[in-house]
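**Student:** Sharing a structure, written as structure tokens. Questions coming.
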Amino acid sequence: MTWAIVLSLAIGTYALKSAGPILLSNRQLPPRAATVVSLVPVALLAALALVQTVQGSDGPVLDARVAALVSAFFALALRAPFAVVVLLAMATAAAIRIGF
């Protein structure tokens, strides 16, 4: 019984996901909608990173991870290379953890 439910949900999911491209394959999104759609993955990734950084078992936690995320943000704002961003965030978290 359980496998029948899982398979029927999987088929329904794939049917819904494929319906949009099949039905709307020859249409173009308006320019504004295309811009918004292209920014959605960036916003979702940023939200995921923030939630994973400050979420603790009992609620929000402000620790070395937050400082590392802030330092990485500023390094990215200054257009530093990715390796520099990672090393700076790592060094920031390590320094704060050693200091406390």
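**Student:** Out of the stretch 49-100, which residues are surrounded by 14 or more Cβ atoms within 10 Å (Cβ to Cβ) and among the hydroxyl-bearing types (S, T, Y)?
**Tutor:** Answer for the stretch 49-100, where residues must be surrounded by 14 or more Cβ atoms within 10 Å (Cβ to Cβ) and among the hydroxyl-bearing types (S, T, Y): T53, S71, T92.
**Student:** Okay, moving on. So which of A80, A15 ends up being of a type outside the set (V, I, T), assigned to a helix (DSSP H, G or I) and at pLDDT 85 or above?
**Tutor:** On inspection, the qualifying residue turns out to be A15.
**Student:** Could you give every pair whose Cβ atoms fall below 7 Å, whose first residue belongs to the stretch 19-37 and is surrounded by 10 or more Cβ atoms within 10 Å (Cβ to Cβ), and whose second residue is in a loop (DSSP other than H, G, I, E, B), counting only separations of at least 6 or pairs across chains?
**Tutor:** Going by the 7 Å Cβ cut-off, the qualifying pairs are V37/L29.
**Student:** In the stretch 30-72, what residues are more than 14 Å from the chain's Cα centre (by Cα), farther than 20 Å from G99 by Cβ and modelled with pLDDT of 90 or more?
**Tutor:** Of everything in the stretch 30-72, those that are more than 14 Å from the chain's Cα centre (by Cα), farther than 20 Å from G99 by Cβ and modelled with pLDDT of 90 or more turn out to be P31, R32, T35, V36.
**Student:** Right, another one. Taking into account only those residues within the stretch 50-69 that are among the polar types (S, T, N, Q) and part of a helix (DSSP H, G or I), which is farthest from A94 (Cα to Cα)?
**Tutor:** Restricting to residues being among the polar types (S, T, N, Q) and part of a helix (DSSP H, G or I), the top hit is Q52.
The values are calculated or read from the model by the stated rules, or taken from the named source; none is laboratory data. Small disclaimer: the values here were computed from a predicted structure and weren't measured. Glycine gets a Cβ as well: all are built from the backbone with ideal geometry, and neighbour counts include every protein chain shown.
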